[in-house]
Amino acid sequence: MVFVEQTYSYVNGELVLSEQATVSVFDHGFTVADGVFETLRFESGSVFAVDLHLQRLARSAQGLGIASPDLKTLHRAIDQVAKANSHVANGRMRITVTSGRGPLGSDRLSEKQTLVVSVAEQKAWGKSSELLVVPWIRNELSPLVSFKTTSYAENVYALDAALKHGFSEAIFLNSHGLLTEGTGSNLFIVKSGQILTPRIENGLLPGITRQLVIDWVSPNLELREVDLTQSDLFSADEIFITSSTRNVHPVSRIAQLTADLKVNSEKTLNTGIVTSEVVSIFNKNSKEQVNP
């Protein structure tokens, strides 16, 4: 795929060419990952589920202990970036908020926050995802586990391991061996026609697409939030994952990565009737409701 060469970003009140956009080397988002962000689906100037994402951005900021940006400022920044990048047919918009300039340590200064809104072309996902359960846990007791912070090194590490072994997403268990989430996705399984997804309390980020699937699918199909084990995953009839850029994505292969980095318990799956119906329901509703 040829990527769009020129995009525009909003940086602290200014719209600039993305390749010329800069933030301070002392920004706490850069030095200690002291920030929050949202990723939104972007199509030719249209942004999906803006209000839901901004609500979660505010919750994440509050949870991290930094002020939530002014809504008017956020909407103005989003509108400017959307118009300037309307030539991007299939992309992602990222809103990043950090605590601003700080010392080269963990303590914060009372500096003005940094706000960046940018757009990049999104490479098309394949027909299905391939999941690798990794041996590193998602800490359900972390004070930040349910907030979307810029501290993503664990996700980068796990996804890199999955990609190196020929899989497209990594799945975390928590400290009790319960399924949680992927590095950038939420997990659903289908057993005996029933849709099951891990409970938020087990240590996962409550995804926007995850919640929309629950809201839109529940009136038509049986769907429950429950405790799920790795055994449940490998005995599932169907599996799919959700994210803002994937929407609802069928899973065609799963496996486990052992502590000594060996892949075992590999299993293939087909896209089943239930997953296909969920895809259909989500696609129909998301086209009818751009800002649900």
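Annotations
- Inter-label distance, SER218 to GLU14: 4.7 nm, where each label sits 7 Å from its Cα along the C-beta direction.
- Burial ranking of peptide ranges 61-68, 127-134, 236-243 (average Cβ count within 10 Å, highest at the top): 236-243, 127-134, 61-68
- Charge context of ASN174, other residues only, Cβ under 12 angstrom, K/R +1, D/E -1: -2
- Listed by Cβ neighbour count within 10 Å, with the fewest neighbours leading, ARG101, ARG41, ARG199 appear as ARG199, ARG101, ARG41.
- Only Cα sites of region 129-288 enter the Debye sum here, all with the same form factor; the resulting log10 I(q)/I(0) across q = 0.14, 0.18 1/Å is -0.64, -1.09, listed in q order.
- Length available on full extension from LEU109 to VAL226: 0.36 nm per residue minus the Cα-Cα distance, which gives 38.0 nm.
- Seen against the Cα atoms of the chain and their longest principal axis, helix 50-64 is set at about 80 degrees.
- Multiplying the residue separation of ASN90 and LYS127 by 0.36 nm and subtracting their alpha-carbon distance yields 11.7 nm.
- Added length on full extension, which subtracts the Cα-Cα distance from 0.36 nm per residue, LEU163 to LYS72: 28.8 nm
- Likely footprinting exposure, GLU169, GLU14, fewest C-beta neighbours within 10 Å first: GLU14, GLU169
- Averaging the sequence gap over all C-alpha pairs within less than 8 Å and six or more residues apart, then dividing by the number of residues, gives the chain a relative contact order of 18 percent.
- Label-reachable residues, region 270-292, where backbone N falls under 15 Å from a point 7 Å from GLN55's Cα toward its Cβ: 290-292
- Folded to 0 to 90 degrees: helix 208-217 orientation relative to the chain principal axis, Cα: 50 degrees
- With eigenvalues of the C-alpha gyration tensor scaled by 5 and rooted, region 8-121, Å: 24, 16, 11
- Ascending count of other beta-carbon atoms within 10 Å, so fewest first, for ASP27, ASP107, ASP70: ASP107, ASP70, ASP27
- Angle in degrees between helix 153-164 and the longest Cα principal axis of the chain, rounded to the nearest 10: 50 degrees
- The helix-only estimate of mean residue ellipticity at 222 nm for the chain, built from DSSP H runs of length n ≥ 4 each weighted as -39500 (n - 2.57), is -8000 deg cm²/dmol after division by the residue total.
- Each part gets one Cα centre, and for region 142-190 versus region 1-63 those centres are 21 Å apart.
- Charge context of GLY102, other residues only, Cβ under 10 angstrom, K/R +1, D/E -1: -2
- Among the lysines of the chain, pairs at least eight places apart or on separate chains and with Cα atoms under 26 Å apart come to 25.
- Isotropic mean projected area of the C-alpha convex hull, the chain (nm²): 15.3 nm²
- Within region 62-105, backbone nitrogen closer than 19 Å to the virtual label 7 Å beyond the Cα of GLN6 toward Cβ: 80-90
- FRET efficiency, 1/(1 + (r/R0)^6) with R0 30 Å, evaluated for VAL156 and THR268 via beta carbons: 0.65
Bear in mind that the values in this text are calculations on the coordinates, not laboratory data. Treat the numbers as computed from the prediction; the structure is a model and nothing was measured. FYI the Cβ positions are ideal-geometry reconstructions off the backbone, even for glycines, and counts take in every protein chain you see.
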